[in-house]
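Some notes on the structure that comes next.
All of the numbers you see were taken from the coordinates with simple rules; none came from a lab. Bear in mind the structure is a predicted one, so any value in this text is a computation, not a measurement. Neighbour counts run over all protein chains shown; Cβ positions are idealised from the backbone, glycine included.
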């Protein structure tokens, strides 16, 4: 029988990390993100709770894993520990062991299960020829439509789907300083109806004639996480 790595602890303690991932690290995969975080947790000396068996691993859960190319200011990661820790010391130790552009901004005891996460906020910049107040107004009108049809990928293939019910908030304006369209979106985060912001961008490009040039493109940053009533998710 493999001995326990949990120091005889009988009841695990859950803590939640709020993290940011930006810069070049937005292009690493979710698996690489987990591997990097696991190494940092071990090096920081946190009392991790490990799974049982011949290949014990720390017990970690991530809410709505990011797509490659999306940065974030509010990644939520639940980590199981064998005992409580001092939040400030734990955050400081993790910061010393994480790479640049990946940081823990807060550690606290979770109030709600990750599965209850309802909405995610995003800020999107679209760099396109013809970006203007007029184009932003056309995009805003489209986003207010009662029906926004897209071709979504499912386990059984592709199908037409109305994504409007999965959009809580959507606003578009022209940003003259960056010469781009600036979108603020709040989209469904629920597992059965999760909406990737790329679907919203695809619909906008098709409906409003947005064409990203070879030297242009778009950026997506996750900026907020919310409960069903739009209160900050904790």
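The table that follows gives values for the structure above.
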item: Among 106, 123, 158, residue whose mean-square fluctuation peaks in a GNM of the chain (springs only between Cα atoms under 10 Å); result: 158
item: For 71, 193, order by how many other beta-carbon atoms lie within 10 Å, fewest first; result: 193, 71
item: Label point distance in nm, residue 35-residue 140, each placed 7 Å from Cα along Cα→Cβ; result: 4.6
item: Kirkwood Rh in Å, taken over all unlike Cα pairs in the chain; result: 19.6
item: Contact order relative to length of the stretch 13-110, as percent, for alpha carbon pairs under 8 angstrom and 6 or more apart; result: 50
item: Theoretical ellipticity at 222 nm over the chain - DSSP helices of four or more residues, -39500 (n - 2.57) apiece, nearest 500; result: -6500 deg cm²/dmol
item: Virtual spin-label span in nm between residue 83 and residue 152, 7 Å along Cα→Cβ; result: 4.7
item: Stretch gain in nm, segment residue 106-residue 54, where the contour uses 0.36 nm per residue and the Cα spacing is subtracted; result: 15.5 nm
item: With Cα atoms, 0 to 90° folded angle of helix 133-143 axis to the chain main axis; result: 70
item: The stretch 37-101 - Rg and Dmax from Cα coordinates, angstrom; result: 13.0, 36
item: Relative contact order %, the chain, counting alpha carbon pairs below 8 Å whose residues are six or more apart; result: 24
item: Share of pairwise Cα separations in the stretch 127-234, more than 24 Å, in percent; result: 28
item: For the stretch 170-234 and the stretch 27-42, distance of Cα centres in Å; result: 26
item: GNM top mover of 89, 159, 222 - the chain, alpha-carbon springs below 10 Å; result: 159
item: Cα→Cβ-extended label distance, 7 Å offset, between residue 160 and residue 194, nm; result: 2.7
item: The stretch 89-142 versus the stretch 44-82: alpha-carbon centroid distance in Å; result: 18
